[in-house]
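The values are calculated or read from the model by the stated rules, or taken from the named source; none is laboratory data. What you see is a predicted model, and the numbers here were worked out from it, not measured in a lab. For neighbour counting, all protein chains shown are included, and Cβ atoms are generated from backbone atoms with ideal geometry for every residue, glycine included. Accessible surface is based on the protein model in full, side chains and every heavy atom, while ligands, DNA and RNA are left aside. Shrake-Rupley method; radii C 1.70, N 1.55, O 1.52, S 1.80 Å.
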Amino acid sequence: MTQVNSNKRKLGASGLQIRPLAFGGNIFGWTVDESASHQLLDAFVAAGFDFIDTADVYSRWKPGNQGGESETIIGKWMKQRNNRAKVVIATKVGMELSPEKKGLGKDYIFRAVEDSLKRLQTDYIDLYFAHQDDPSTPLEETLDAFARLVKQGKVRAIGASNYKAERLAEALEISERNQLPRYEVLQPLYNLYDRAVYEDELEPLCQKENIGVISYFSLASGFLSGKYRSKEDLARYTRGSRVEKYLNDRGLRILHALDEVAKEKNATPSIVAIAWLVSRPSVTAPIASATNLPQLGELVDATRLELSTEEIQKLNEASSETRSAAA
């Protein structure tokens, strides 16, 4: 696999610098077993990348799993390769693992971080995310808990995932007022199909506050790869049910534009869709998963593909949600 030429990007004001692609660890222990996961991680690092995203809840949804499977697989890989210092690890807390293991209360965060550290076989987490907002817990309590973890050296920086702009802004204000570590990174749903919420509400805030952005579902659960074009296609894949909502006139219009640009660039729709995200000024790195080496090769290629202004505009117009396309 060709080494990546892309320069590292600053992850907001976190002090972390990463290549413009994050490997999504949600598939580890779900659609990819431990051996294949390690092979993919080896290839990812060999290609010059360093940022791996996971969560304590991955992959609880698979029958027989309890959550923590992804962290465990990554932890074993780092231990075997003795490469902890060479990779940037992000994990998350807050989604329900069991009725008594959920939310962003201080006591639970302190327990959850120890569990994640044990599974990852490390003594620190580079980037620790609040996986989703917890309205039942005061933001001050959550941020104070994270502050203690940073002070203890167990966490280097913190981030917010799935936060609305209003709540993120409130959290930033609380951190500043109380001199607490702030959310330096946002992990939002964002791709060529799912644009409006991020671009209209979150992107302006992130740019104003110099917050790094790691977008998830970068290929819309695989829809933007182009392999789902009919109802029949949905039944052929594990994630088909997640993709059905994209299979409409607008979704097909986006696929058509991706096909056109891909043909012009001698690439694939997946490569073009990721390259579009990489080209977005506010996005530090898109998160994407690969279940085999050819798919991973496409992700690597995407970070090297430069889209022209005209090609970006074509994609913007095709994905416009009955409003003027964003520049």
Computed lengthening from residue 82 to residue 65, 0.36 nm per intervening residue step minus Cα-Cα distance: 3.4 nm
DSSP beta bridges in the stretch 1-154 [antiparallel fraction, %, rounded to 5]: 20
Expected 222 nm ellipticity per residue - DSSP helices of 4 or more, -39500 (n - 2.57), all of the chain, to 500: -12000 deg cm²/dmol
For Cα extents along the principal axes in Å, calculated from these coordinates, the label among (1) 127, 74, 35; (2) 96, 50, 44; (3) 52, 43, 38: (3)
Gain in span if fully extended, residue 232 to residue 166, counting 0.36 nm per residue against the direct Cα distance: 19.7 nm
Cβ-placed point charges (K, R +1; D, E -1), dipole of the stretch 56-141 about Cα centre in debye, nearest 20: 640
Angle between the chain longest axis and helix 106-120 axis [Cα atoms, degrees, rounded to 10]: 70
Sequence of 193, 246 from largest to smallest accessible area, 1.4 Å probe: 193, 246
Nearest 10 degrees, 0 to 90: helix 249-265 Cα axis against the chain principal axis: 80
Distance from the stretch 187-210 to the stretch 229-243 (C-alpha centre basis), Å: 27
Gaussian network model of the chain, springs between alpha carbon atoms under 10 Å - residue of 91, 291, 309 with greatest fluctuation: 309
Solvent accessible area, Å² - residue 253, 1.4 Å probe, full protein context: 100
Selected from 276, 291, 261, residue furthest toward positive end of dipole (the stretch 248-321; charges at beta carbon): 291
Whichever lysines have a C-alpha closer than 29 Å to that of residue 102, once near sequence neighbours (fewer than 8 apart) are set aside: 62, 76, 79, 92, 118, 151, 154, 164, 245
Within-14-Å neighbourhood charge of residue 307 [Cβ basis; K, R +1; D, E -1]: -2
Nearest 10 degrees, 0 to 90: helix 293-302 Cα axis against the chain principal axis: 80
Computed FRET value (nearest 0.05) for residue 33 with residue 308, which takes r as the C-beta separation and R₀ as 45 Å: 0.65
Residue-normalised accessible area of the stretch 263-327, given per residue in Å² at a 1.4 Å probe: 44
Selection from 18, 32, 75 lying farthest towards where the dipole of the stretch 2-125 points positive, charges on Cβ: 18
